[in-house]
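Novice: Following this message is one structure expressed as structure tokens.
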Amino acid sequence: MATAGTVSPGSEPAPPGFPQLRLVLAVSLDGRLAPAEGGRFQMGGAGDRRVLEEAMAWADAALVGAETLRGDGSTCLIHGPDLLEQRRQAGRSPQPIAIAVSRSGRLPADLPFFDQPLERWLLQASPVSPGAAPAGFHRRLPLESWHEALAVLGALGQRRLVVLGGARLAEALAAEDLLDELQLTLCPRLLGGVHSWLPPQARVAPAARQGWRLVEHRVLPGEELLLRWRRGPDQGVSS
């Protein structure tokens, strides 16, 4: 989000209570999510899984694109006993709310996602017909603009959001300068091709092109490297 007192082109200053957004991805050394030929691909190992769950434990909710859900079938869950206990002691639900982002609002009813032990919300592009949320979802919210939708989520208590993909969702948020943190696990692979975590045609808001500060780096098992950048004042680097 833009810093106080500044407005990036095409965006508005974030109001008080606006959520923090942390994009969490595992990528190859050349920034790819999948091989050149495409298809589903397991990128990270056990170390990446742990830092992913740490980010989930931090979050109130997770944004995940409908295309990603259709491809993977389910979303990420926290399994680490210490992280589950951490959330329990804080009076939080075991899992953050899963917020599916979909233009149509239509997802296959047989997806394992609908059997996962978590609360499911739907963020649906307009027009949204009146009435109850579609089967399998506990709540439906309109996505007329990202600023409006995120302000509503913040007002509903969802102040810390992880963004789990896919590339189109990351592109939409980067275009409006709405990402506060980037958490990337670099995996020891070279994949080539066009399947980068931002699509080749992505337009990034001018204010989001710089100003990132490294706040954490950590060597993970399997020759992986966690790198976390944040917008705003430097708060130190941990390793």
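Novice: If you check Leu107 against the conditions, is it surrounded by 18 or more Cβ atoms within 10 Å (Cβ to Cβ), farther than 22 Å from Leu84 by Cβ, in contact with a Lys or Arg (Cβ under 8 Å, 6 or more places away or on another chain) and at pLDDT below 95? Let's see the steps before the verdict.
Specialist: Values: surrounded by 18 or more Cβ atoms within 10 Å (Cβ to Cβ): yes; farther than 22 Å from Leu84 by Cβ: yes; in contact with a Lys or Arg (Cβ under 8 Å, 6 or more places away or on another chain): yes; at pLDDT below 95: yes.
Judged against the criteria, Leu107 is a match.
Novice: Here's something else I'd like to know. Please enumerate the residues belonging to region 196-216 that are in contact with a helix residue (DSSP H, G or I) (Cβ under 7 Å, 6 or more places away or on another chain) and in a loop (DSSP other than H, G, I, E, B).
Specialist: Trp197, Leu198, Pro199, Ala202, Arg203, Val204, Ala205
Novice: Oh, and also: How about region 71-93: which of its residues are under 18 Å from the mean Cα position of the chain (by Cα) and under 24 Å from Val152 (Cβ atoms)?
Specialist: Matches in region 71-93: Thr75, Cys76.
Novice: Need the failing condition index for Phe114 against (1) farther than 24 Å from His195 by Cα; (2) open to solvent by less than 40 Å² (accessible area, probe 1.4 Å); (3) in contact with a Phe, Trp or Tyr (Cβ under 7 Å, 6 or more places away or on another chain), just the number.
Specialist: Every listed condition holds for Phe114 apart from (3).
Novice: Please enumerate the residues belonging to region 210-224 that are closer than 17 Å to Met43 by Cα and open to solvent by less than 70 Å² (accessible area, probe 1.4 Å).
Specialist: Leu220, Gly222, Glu224 - these are the residues of region 210-224 that are closer than 17 Å to Met43 by Cα and open to solvent by less than 70 Å² (accessible area, probe 1.4 Å).
Novice: So the check is Cβ under 8 Å with 6+ separation or different chains; which pairs have a first residue in region 50-76 that's of a type in the set (Asp, Glu) and a second one that's at pLDDT below 95 and in a helix (DSSP H, G or I)?
Specialist: Partner pairs satisfying both residue conditions: Glu67/Arg168.
Novice: Can you tell me which residues in region 87-98 are free of Cβ contacts under 8 Å to residues at least 60 places away in the same chain and either of a type in the set (Lys, Arg) or within 17 Å of Ala61 (Cβ to Cβ) (or both)? It would help to see each step written out before you state the result.
Specialist: Narrowing region 87-98 to residues free of Cβ contacts under 8 Å to residues at least 60 places away in the same chain: 87-95, 98.
Matches in region 87-98: Arg87, Arg88, Ala90, Gly91, Arg92, Ser93, Pro94, Gln95, Ala98.
Novice: In the set Leu182, Leu186, which member is at pLDDT 95 or above, buried (at least 17 other Cβ atoms within 10 Å of the Cβ) and under 30 Å from Arg139 (Cα atoms)?
Specialist: Leu182
Novice: Name, by its number, the condition in (1) surrounded by fewer than 20 Cβ atoms within 10 Å (Cβ to Cβ); (2) farther than 21 Å from Pro19 by Cα; (3) not polar (S, T, N, Q) that does not hold for Arg168.
Specialist: For Arg168, the exception is condition (2).
The values are calculated or read from the model by the stated rules, or taken from the named source; none is laboratory data. Remember, it's a predicted structure, so these values are computed and weren't measured experimentally. Virtual Cβ from ideal backbone geometry, glycine too; neighbours counted across all protein chains shown. Ligands, DNA and RNA are stripped out before the accessible areas are found, and what is left, the full protein with its side chains, is counted by its heavy atoms. Shrake-Rupley method; radii C 1.70, N 1.55, O 1.52, S 1.80 Å.
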